[in-house]
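Structure record follows, encoded as C-alpha cells.
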Amino acid sequence: MIVGAQWGDEGKGKIVDLLAQRADVVCRYNGGPNAGHTIVADGETYKLRHMPSGILWGKECVIGAGCVVDPPVFVEELDDLEGRGIPTTRVHLSSNAHVIMPWHVVIDRAGERRLGKLRIGTTKRGIGPTYADKALRLGIRVQDLLDPKILRQKLEVALAEKNVWLEAVYGAAPLELEELAARYEQHAQRLRPFIADTSLLVDRALRDRRSVLFEGAHGTLLDLDHGTYPFVTSSSTLAGGAASGIGIGPTRIDDVIGVAKAYVTRVGEGPFPSEIEGPAQQRMRELGGEFGTVTGRDRRCGWLDLVALRYAVRLNGITSLALTKLDVLSAFAEIPVCVRYLLPDGSETEEFPAHQSDFHHCRPVYETLPGWEEPLDDELPPAARAYVDRVERELDVAVSLVGTGAERERVVALS
Ligand code: IMP
C-alpha cells in the first residue's frame, strides 16, 4: 500500500511505478481525475489521471468502487495510452464507481466562484459534487451506463433536480436529456469491456498469492475525515480507505509505504505552517518544477514539516517512508525543518493539533540542518544522509527509498 503523506503531489507516481514492476495487480481506490501522476519513462512523459501507474508496466490495473470516473476523460486517457503503444486490455473499472457528470463540473466551478475568498481551490473536476451525490444516494454509477433504459431514467431524475439548481442557483444553462443520454450511451460502449467486479478480482488475486499494490491518490492531509477540512478533497485518501474503496478487509494490507517530499507542497487554499516566506519559495518552486499536473497551478512550497508527517505516520500506520525529491534541496546551504508547532496559547507541540483554530494560527518552530550543496548520486553525501537519519529518528519509521531526480531510475534504496 502506497499513500501520500502530505498534501498530495509527493511523487507517489514514481514510487508506485518503481514498485509496480514487482506487483501483479495495481489498484486505485479513491479520487478521480483530480489526481495526476507524472511518470518519466524511457524519455517519455506520461501524465496519468484515472489510470494506476502499473499501466506502464502492462500490469493488471484496477480502478475501485471508491473512485469517481469522468467518462470522456477516461476515454481520452485510454486513447492516448493506446496511441502510444501501451496496451489497456488489463484495465478493470469497478461497476460501483460513481460517474462524474457534466453538472458536477459546472457546480464545482460555480460553487467555487460563489465562495469567493472562502473558496477551497478545487481542481474544478466535479469531484466534491460527485461524492456529495453519492452520499445523497442520487449518484450515477458505472454500472448504470450499461443499460440505456436505466441510464435514461437516472438522468431524468437527476436532471429534474440539477437543472433547477443550475439555472436558479448558479445561473448556468440547463442540460438537455436527449443529448446527454446519447453522449453517455456512446461513452458506455467504449467503457463496457473494462467494467468488472473489482472487489472479487482483487480478492482472487490475493487468494492466489499474487502481489497487489494499492496506490493512494492525493495525500493524507487532503483526507475528508482527518485532513485539513474544509480544504480537503472529498474522498478517503488514507491507507484505511483502500479496504473500503476496493472492497477487501483491512487485514489484507501488509505494508504501508508513506511517500513524502523532502520538503512540502500544497495546491489550493488552506493553512500551511511551514510555507516558505520570501523569494526562497519561488526558488524552490522552480527547482522542484512545482506546477500542478492537473491544473498547471503554482504549488505553494514549504520546508519539511515533521509534525504533519508524524500525524501521517499515525493515521496511515506507515511502516516505511519514501522521501522524494531530496535532490531539490541540494541547492540550499541551510535547510530548516519544522520540528514543532508554537500554538496560540504559547505552548509547543510535536503532535498535529486536533482543533482547526490551533492549526490555522500555529507558527512553525524550525531547526536548521546543514545542506550538502552537491548533486546527489547513489551514495548520499553525509549531510544528506544526516537529513534522512533525522527524519527517521523523529518519526521512528525507516526511510527505505530516497528520490534523487525525476527519471525512473533516480531512486536510492537505503538499507
Ligand atoms: P478537489 O479534489 O478538486 O475537490 O480539490 C480539493 C482540494 O484538494 C484542493 O485544495 C485541491 O488543490 C486539492 N487536491 C485534490 N487533488 C489533489 C492532488 O492530487 N494533489 C494535490 N492537491 C490536490
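The values are calculated or read from the model by the stated rules, or taken from the named source; none is laboratory data. Since the model is a prediction, treat every value here as computed from it, not as a measurement. Here the Cβ positions follow ideal geometry from the backbone for every residue, glycine too, while neighbour counts run over all protein chains shown. We work out accessible area using only protein heavy atoms, side chains counted, and drop any ligands, DNA or RNA first. Shrake-Rupley method; radii C 1.70, N 1.55, O 1.52, S 1.80 Å.
How many of the residues in region 133-147 are away from the ligand (no atom under 16 Å from the Cβ) and touching a residue at least 40 places away in the same chain (Cβ under 8 Å)?
Residues that pass the stated criteria total 7.
Of PRO193, PRO230, which residue is surrounded by fewer than 20 Cβ atoms within 10 Å (Cβ to Cβ) and closer than 30 Å to ILE120 by Cα?
PRO230
Please go through region 133-174 and pick out each residue that is part of a loop (DSSP other than H, G, I, E, B) and open to solvent by less than 40 Å² (accessible area, probe 1.4 Å).
GLY139, ILE140, ALA172
Taking the condition in contact (Cβ under 8 Å) with a residue 24 or more places away in the chain, touching an Asp or Glu at 6+ places or on another chain (Cβ under 7 Å), open to solvent by less than 20 Å² (accessible area, probe 1.4 Å) and not in a loop (DSSP other than H, G, I, E, B), does ALA205 pass?
Yes: the conditions hold for ALA205.
Taking region 230-289, which residues are assigned to a helix (DSSP H, G or I), within 22 Å of PHE352 (Cβ to Cβ) and not hydrophobic (A, V, I, L, M, F, W, C)?
Residues satisfying the conditions are GLY240, GLY241.
Got a number for residues in region 210-223 being part of a loop (DSSP other than H, G, I, E, B) and either in contact with a Gly (Cβ under 9 Å, 6 or more places away or on another chain) or within 9 Å of the ligand (Cβ to nearest atom) (or both)?
Final tally of qualifying residues: 5.
Here are the criteria: (1) in contact (Cβ under 8 Å) with a residue 24 or more places away in the chain; (2) surrounded by fewer than 24 Cβ atoms within 10 Å (Cβ to Cβ). Tell me which single one GLU10 does not satisfy.
Looking at each condition in turn, GLU10 falls short on (2).
Hand me the list of strands (runs of 3 or more DSSP E) wholly inside region 18-132 holding 1 or more residues that are within 16 Å of the ligand (Cβ to nearest atom).
Result: 25-28, 37-41, 44-48, 60-63.
Kindly evaluate SER211 against the criterion of being open to solvent by 20 Å² or more (accessible area, probe 1.4 Å), closer than 23 Å to PRO72 by Cβ, in contact (Cβ under 8 Å) with a residue 40 or more places away in the chain and in the same structural domain as ASP79 (by TED's automatic domain parsing).
no
Mind checking which residues of region 289-310 are open to solvent by 10 Å² or more (accessible area, probe 1.4 Å) and within 16 Å of the ligand (Cβ to nearest atom)?
The answer is GLY289, PHE291, GLY292, THR293, VAL294, THR295, GLY296, ARG297, ASP298, ARG299, ARG300.
Determine the pairs where a residue that is among the polar types (S, T, N, Q), located within region 29-44, has a partner that is more than 10 Å from the ligand (Cβ to nearest atom) and in a loop (DSSP other than H, G, I, E, B) with Cβ atoms under 6 Å apart, the partner being 6 or more residues away or on another chain.
Filtered contacts from region 29-44: ASN30/GLY66; ASN30/SER236.
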